[in-house]
Amino acid sequence: MKLSIEDLNKMKPVEVLDNEQVKERFISLFEKIHGGSGDHFYEKERFNFLKLIQAKPDLQQCTGFSIYGCFLDVAQNGLTLEQGPKALMYIIPYNFEVVKGQKWEKRAKLDISPYGELIMRLQSGQLSHADKPVIVYKGDIFQPAVKNGVKTIDYSPKIPRESKTIIGGFIGLTRSDGSRDFFWMLPEDVERLKKYSEKKNRGKANALYNSSDGGIDSGFLEAKILKHAFSCFPRLKVGQFSTLSTDEPDEMAYGLDVKPEQLPQKPVYETQYAEDYPEPETEDYTESQDNEPETIVIQENNDIF
């Protein structure tokens, strides 16, 4: 007998992770897509998932169905939930409008970081290598160009540094056919992202846009460069409960007695990110609504990716 949404929503998040049917589905899905030992991956990611749930009271209030979907997406994506300076994925709680202006509930979603997206693109064969993002400071020689349709960059760092002022950054990518590509960001690109952050977060941009002598934090810019470098690449297949900066979720079978319309559609929610939490930059990511409940404030002690 398959689980239903109603069955899952009666469970606490911990009960979802320990359910035998959920375990079997997780292992089966992982081994079908990635091969290897699904049992080992299940035990490891169950432990990581539980740590995040225990650390965040908001996650403990999320629906069992959304917890189930996120956990299954961990198996599908094949990425670890282990946290650190460059975590591959995060579980984010949000307020979901079930009935317009009348009923809301807390759900969880899986947010794939730029570092997680990089691994997925390497595994899919879209890339064979990605250089470490380079941060450019005032005084460096930095001249991006396009010659005969090919992107090039003339770069030479000023050593010792002339200034701590960041004026941009770039990354070199090697495609599976061996061809090279470059992506760069200039001050006007950073300013555009900063204004979007202000708009999304009610007039207050992420503090990391101004944390380094009034300019953007170098590690934060590295993540932005990596994330937006993939904007011209083909879509990746991600789970229904996962988000990427450049993709809409794909449909997959979750092993439930569920109709297609019961699966989560494009979410309608408002999430306020704390200054020390990595913020998604998807332009159509959030739709503001009237009569919404109190905004969830997510706090994370890990370093920013």
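Readers should treat all values here as calculations from the given coordinates under stated rules, not as data from a laboratory. Every value quoted in this text rests on a predicted model; they were computed, and no experiment measured them. When we count neighbours, we look across all protein chains shown, and the Cβ atoms used for this are built from the backbone with ideal geometry, even at glycine.
List every residue whose amide H lies under 5 Å from the amide H of Gly169, counting only residues 5 or more places away in sequence or on a different chain, with H placed 1.01 Å from N in the peptide plane.
Val136, Met185
How much length would be gained if the chain were fully extended between Gln61 and Thr152, taking 0.36 nm per residue of separation minus their Cα-Cα distance, in nm to one decimal? It would help to have the intermediate numbers written out before the result.
Working: separation 91, 0.36 × 91 = 32.76 nm, distance 4.98 nm.
That works out to 27.8 nm of additional length.
By how many nm would the segment from Asp131 to Ser163 lengthen if fully extended, with 0.36 nm per residue of separation less the alpha-carbon distance? Present the calculation step by step, with values, prior to reporting the outcome.
On the way: separation 32, 0.36 × 32 = 11.52 nm, distance 2.39 nm.
Roughly 9.1 nm would be gained on extension.
Quick one: if you stick a label point 7 Å off each Cα along the C-beta vector at Leu50 and Thr174, how many nm between them?
Each label point is offset 7 Å from its Cα along the Cβ direction, giving 4.2 nm.
For a paramagnetic label modelled at 7 Å from the Cα of Val14 toward its Cβ, which residues of the range 31-62 fall within the zone defined by backbone nitrogen distances under 20 Å?
Counting only backbone N, you get 42-62.
Using per-residue counts of other Cβ atoms within 10 Å, averaged over each peptide, order 173-186, 58-71 from highest down. Walk me through the numbers on the way to the answer.
Numbers: 173-186: 15.1, 58-71: 23.5.
Put in order of decreasing packing, that is 58-71, 173-186.
Would you mind calculating the gained length between Val99 and Glu82 on full extension (0.36 nm times residue separation, minus the Cα-Cα distance), in nm to one decimal? It would help to have the intermediate numbers written out before the result.
On the way: separation 17, 0.36 × 17 = 6.12 nm, distance 3.48 nm.
So the extension gain works out to 2.6 nm.
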